[in-house]
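A.B. asks: Take a look at the following structure, please.
The values are calculated or read from the model by the stated rules, or taken from the named source; none is laboratory data. Note that the structure is predicted; figures quoted are calculated from it, not measured. Cβ sites come from the backbone with ideal geometry, for glycine too, and all protein chains shown count toward neighbours. Calculation scope for accessible area: heavy atoms of the full protein, side chains included, ligands and nucleic acids excluded. Shrake-Rupley method; radii C 1.70, N 1.55, O 1.52, S 1.80 Å.
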Amino acid sequence: MRLILELALTHIAGRGRQTVVAILGVALGVGFSIAMAALMQGTEKDFIAQLVDTMPHVQITDERRTARRQPAEDLFAAAQFEGLRPKEDRRGILNPAAAFASLRSWVPGRMAQSLRTQGVVRYAGRDLGVSIVGIEPEIEAQVSSVAADFVQGSFDALRAGGNNIIVGDGLARRLGATVGTTIQVVAPTGQSRSFRIVGLFHTGNTARDEGETYVLLKSAQILSERPNAINDIRLRLDDPNAALRVARQAEAELGYKAVPWQEANESLLEALVVRNVVMYTVVGAILLVAGFGIFNIISTITHEKARDIAILKSLGFTQGNMRRLFLVEGLALGLAGSLVGWLVGFLLCFALSQVEFRLSGAGVGRELTRLPLFWSPWHYAIASAFALISSGVAGYLPARQAARLNPVDIIRGAT
Amino acid sequence: MSALIEAEHLTRILPATVPVTLVRDVSLTVGEREFIAITGPSGSGKSSLLYLLGLLDRPTGGTLRIAGQDTSAMDDDALARLRLEMLGFVFQFHFLLPEFTVSENVQLPMRKAGRLSAREMRERAAGLLEELGLAGHLDKRPDQLSGGQRQRVAVARALANDPHVVLADEPTGSLDSKSSEQVFQILRDLVRKRGKTVIAVTHDMDIAARADRRIHLVDGGVVSDERAAPAAV
């Protein structure tokens, strides 16, 4: 076997240019698929990270999955209602303090409660519909991703006065307001109060930047005329992947709808699946094309060496020896190509990671981003496994064919 | 004189829509220390017969015994082993592996046989090449040598495993007359000095005339098998 190995290596080394071409062919295939895979998985992970980052991991609202049962339904086996008008319920989550405390006892992570309502912001003759979130600044800062998105001010600024408000920079721009401007907020209840803008945030999500405002929990409760009410508990878990389990448990415990981020973003995640199928098809296609390239190069070499097969057979080498010789040559080229390919892949990833580009937030100076690349040894392993298999097959198949040939035919053909 | 090669009714038919008979009912016995020339017009089956005798090709009829062993039942690997141990080949073209040095080419069959140490193989190759007048060319590549030199390397390679029989297919066919004479001398010395048996296919009548035994083929069949005076042995 050592002889075969040595024969193979000498054979390869003796064909400088051809060998370089073969190795480069393998290396490019391996390198590009590594870079593509890194980019694919990197963008996916980045996308999910952003999703997980900007959303609460679990959001518990005062809604219920199913309509509340009417007392008659509990009393009778069959009941039918007509023209039923459900009782007006503005209490939000029942006994929020107890619910909050019981969640706190087992939920692995941080949590914040708030009251979410709708309203209209009025300034300089402009009316804009917004959602008003009443929060407790110090807790909110731990849970909400907005805390990191402030352009000016912070959640803490809310506490400086009872009538302070934080708005998105998009909203401020549309209103023509800035920090310090006093704006009018009108709630659906008819309550209307003046708030002074003490902070601006920019999340990059236009809907939020133009339609979300934060006030103190108390102020929101007054605006919506629901003293002490809470209708929204948001959890930020230590492990975002536990969201499904936590949500199920919270829902079972409280009876309120608890939505994990996966459910809230179902359509996005489904789109991601489609995207992944497309992307992995692309990576697979690159590998396949590379595999064919490898096959082509190595089988060409093998065919060219048919004469050597005849010679070696006439010297007393067996068919099995010949098959093994070319299999080893194919594998050696594949291996060398893989190693060079790793370098190519690594350098490509490095080069891609150096690409910087500015997205929407140019004015704010944030969101200066680089391509997200995910480094995984699996990419390297899979790409080289593929290269090795295709180069092995490429060496073996033509060699098997050539080894079966009668050396006489080859010798005759040559003379 | 024990028989190294015994062929009985050896026939090789090339299967095709119109089957071609390459070798027709050839029976011959080859002993030790024979220098045999196989002659005949082009297409008379000289080379085909040589390939059959050299186990590179299988007959479609008849039997072939090498050193008493019937080869018809052997599988390819067994034939390969017999080639390795008993036979050496020299072709019209040298058929050296271009990626290997002269010495490495000669060592290849020894390494395949695996009986000698690396040093012994190197020394044996050097010895063989020296005897053939190639002492200074051990580490050259085949393409750095002249045609005659390459053919002598091929002879050295054929002798690598000390075979009983050296089969040569037009060994001088692509050489000038001076190199031809050299190669002929070498082949004859194999018989005279080393006690090998040489079977050479040739259309060089000068060489054929100086062989100990001449087998003349026409249309795949033996038409004459004559020996020179045994005094030559």
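A.B. asks: Could you work out the relative contact order of chain A? I mean the mean sequence separation of Cα pairs under 8 Å and 6+ apart, divided by the number of residues, in percent.
C.D. replies: Working: 686 pairs, mean separation 115.9, N = 415.
Taking the mean separation of contacting Cα pairs over the length of chain A, I get 28 percent.
A.B. asks: Still on this structure, please answer the following. Quick check on packing: order A:211-220, A:266-275 by the mean number of other C-beta atoms within 10 Å, highest mean leading. Intermediate values should be presented prior to the final figure.
C.D. replies: Working: A:211-220: 22.2, A:266-275: 12.0.
So the peptides A:211-220, A:266-275, ranked by packing, come out A:211-220, A:266-275.
A.B. asks: Can you tell me the mean projection area, over all orientations, of the convex hull of chain A's alpha carbons? Units nm², please. It would help to have the intermediate numbers written out before the result.
C.D. replies: Working: hull surface 128.4 nm².
Directional mean of the projected Cα hull area for chain A stands at 32.1 nm².
A.B. asks: Short version: what are the Cα gyration tensor semi-axes of region B:141-233, square root of 5 times each eigenvalue, largest first, in whole Å? Don't skip to the answer; put the middle values down first.
C.D. replies: Working: eigenvalues 108, 52, 32 Å².
Square roots of five times the eigenvalues give 23, 16, 13 Å.
A.B. asks: If you don't mind, another one. Taking +1 at the Cβ of each Lys and Arg and -1 at the Cβ of each Asp and Glu, which of B:Ala168, B:Leu49, B:Ser224 sits farthest along the dipole of chain B towards its positive end, judged by Cα position relative to the Cα centre?
C.D. replies: Positive-most Cα among the choices belongs to B:Ala168.
A.B. asks: Have a look at region B:103-183 and give its Rg and Dmax from the Cα atoms, expressed in angstrom.
C.D. replies: 12.6, 38
A.B. asks: Restricting to DSSP H runs of at least four residues, report the calculated mean residue ellipticity at 222 nm for the protein assembly as shown, -39500 (n - 2.57) per run over all residues, nearest 500 deg cm²/dmol.
C.D. replies: On the way: 22 runs with 309 residues, N = 648.
Taking each H run of at least 4 residues, the total per residue is -15500 deg cm²/dmol.
A.B. asks: Quick one: which residues, 5 or more positions from B:Val20 or on another chain, have an amide H under 5 Å from its amide H? H modelled 1.01 Å from N in the peptide plane, none for Pro or chain starts.
C.D. replies: B:Leu14
A.B. asks: I would also like to ask the following. Set the Förster distance to 25 Å, then compute FRET efficiency between A:Arg370 and A:Ser145 from the Cβ-Cβ distance, nearest 0.05. Write down the numbers at each step before the final one.
C.D. replies: Numbers: r = 20 Å, r/R0 = 0.79.
Computed FRET efficiency for A:Arg370 and A:Ser145 comes out at 0.80.
A.B. asks: Give me the number: length gained by fully extending A:Asn296 to A:Phe357, i.e. 0.36 nm times residue separation minus the C-alpha to C-alpha distance, one decimal in nm. Can you show the working numbers first?
C.D. replies: Numbers: separation 61, 0.36 × 61 = 21.96 nm, distance 3.90 nm.
So the extension gain works out to 18.1 nm.
A.B. asks: Using a 1.4 angstrom probe on protein heavy atoms only, which residues from region B:73-91 are buried by at least 30 Å² of accessible area when all chains are present rather than their own chain alone?
C.D. replies: Buried by 30 Å² or more upon assembly, which counts only protein chains, are B:Asp76, B:Asp77, B:Ala80, B:Arg83, B:Phe91.
A.B. asks: Turning to a different aspect of this structure: Accessible area, 1.4 Å probe, largest first: how do A:Tyr123, B:Tyr51 sort? Present the calculation step by step, with values, prior to reporting the outcome.
C.D. replies: Values: A:Tyr123 65, B:Tyr51 5 Å².
Largest to smallest exposure gives the sequence A:Tyr123, B:Tyr51.
A.B. asks: Calculate, for the protein assembly as shown, the solvent-accessible area per residue in square angstrom, rolling a 1.4 angstrom probe over the heavy atoms of the protein chains. Write down the numbers at each step before the final one.
C.D. replies: Working: 30150 Å² over 648 residues.
Accessible surface, normalised per residue, equals 47 Å².
A.B. asks: Relative contact order for chain B using alpha-carbon pairs under 8 Å, separation at least 6, rounded to a whole percent? Kindly include the intermediate steps, with their values, before the conclusion.
C.D. replies: Working: 456 pairs, mean separation 67.5, N = 233.
That works out to 29 percent.
A.B. asks: For the pair B:Ala118 and A:Asp53, how long in nm is the line joining their label points, each one 7 Å along Cα→Cβ?
C.D. replies: 5.8 nm
A.B. asks: Among the aspartates and glutamates, which fall within straight-line cross-link reach of B:Lys196, defined as a Cα-Cα distance under 12 Å, with same-chain neighbours fewer than 8 residues apart omitted?
C.D. replies: Here the aspartates and glutamates satisfying the reach criterion relative to B:Lys196 are B:Glu32, B:Glu34, B:Asp162.
A.B. asks: On to the next question. Collect residues whose amide H, placed 1.01 Å from N in the peptide plane, falls under 5 Å from the amide H of B:Val90; neighbours closer than 5 in sequence don't count.
C.D. replies: Excluding prolines and chain starts, which carry no amide H, the hits are B:Leu167, B:Ala168, B:Asp169.
A.B. asks: How much of the accessible area of region A:36-154, probe 1.4 Å, is carbon plus sulfur, in whole percent?
C.D. replies: It is 51 percent, rounded to a whole number.
A.B. asks: Could you give the dipole magnitude of region B:3-223 about its Cα centre, charging the beta-carbon of Lys and Arg +1 and that of Asp and Glu -1, in debye to the nearest 20?
C.D. replies: Details: 28 positive and 29 negative charges, 79 e Å.
Using Cβ point charges on Lys, Arg, Asp and Glu, region B:3-223 gives about 380 debye.
A.B. asks: What do you get for the angle between helix A:243-254 and the principal long axis of chain A? Use alpha-carbon atoms, 0 to 90 degrees, nearest ten.
C.D. replies: 30 degrees
A.B. asks: Further question: Going by a 1.4 Å probe on protein heavy atoms, which residues of region A:1-42 end up with at least 10 Å² less accessible surface in the whole assembly than in their chain alone?
C.D. replies: By number: A:Leu3, A:Glu6, A:Leu7, A:Thr10, A:His11, A:Gly14.
A.B. asks: Now for a separate question. Based on the Cα gyration tensor of region B:3-223, what are the three equivalent ellipsoid semi-axes, each the root of five times an eigenvalue, rounded to whole Å and given largest first? The partial results should precede the final answer.
C.D. replies: On the way: eigenvalues 163, 80, 49 Å².
Gyration-tensor ellipsoid for region B:3-223: 29, 20, 16 Å.
A.B. asks: Note the buried accessible area between A and B here, summed over both chains, with a 1.4 Å probe, in Å² to the nearest 100.
C.D. replies: 2500 Å²
A.B. asks: Which whole number gives the average count of other chain Cβ atoms within 10 Å of the Cβ atoms across peptide A:221-229?
C.D. replies: Working: counts 0, 0, 0, 0, 0, 0, 0, 0, 0.
Mean number of neighbouring Cβ atoms from other chains: 0.
A.B. asks: Also, quick follow-up: Using the Karplus curve 6.51 cos²θ - 1.76 cosθ + 1.60 with θ = phi - 60°, work out ³J(HN,Hα) for each residue of region B:28-39 in order, rounded to whole Hz, and write x for Gly and Pro.
C.D. replies: 7, 10, 10, x, 6, 6, 10, 10, 10, 10, 9, 10
A.B. asks: Sticking with this one: Given a 1.4 Å probe and every protein chain left where it sits, what share in percent of the accessible area of region B:3-223 is carbon and sulfur? Write out the running numbers ahead of the final one.
C.D. replies: Values: 4200 of 8820 Å².
Result for region B:3-223: 48 percent of the exposed heavy-atom area is carbon or sulfur.
A.B. asks: Oh, and also: For A:Phe346, what accessible surface area do you get with a 1.4 Å probe? Give it in Å², rounded to 10.
C.D. replies: Its accessible surface works out to 110 Å², give or take rounding.
A.B. asks: Which of the residues in region A:306-325 lose at least 30 Å² of accessible area when you go from the chain alone to all protein chains together (probe 1.4 Å)?
C.D. replies: Listed by number, the residues meeting the 30 Å² cut-off are A:Arg307, A:Ile311, A:Ser314, A:Leu315, A:Gly316, A:Phe317, A:Thr318, A:Gln319.
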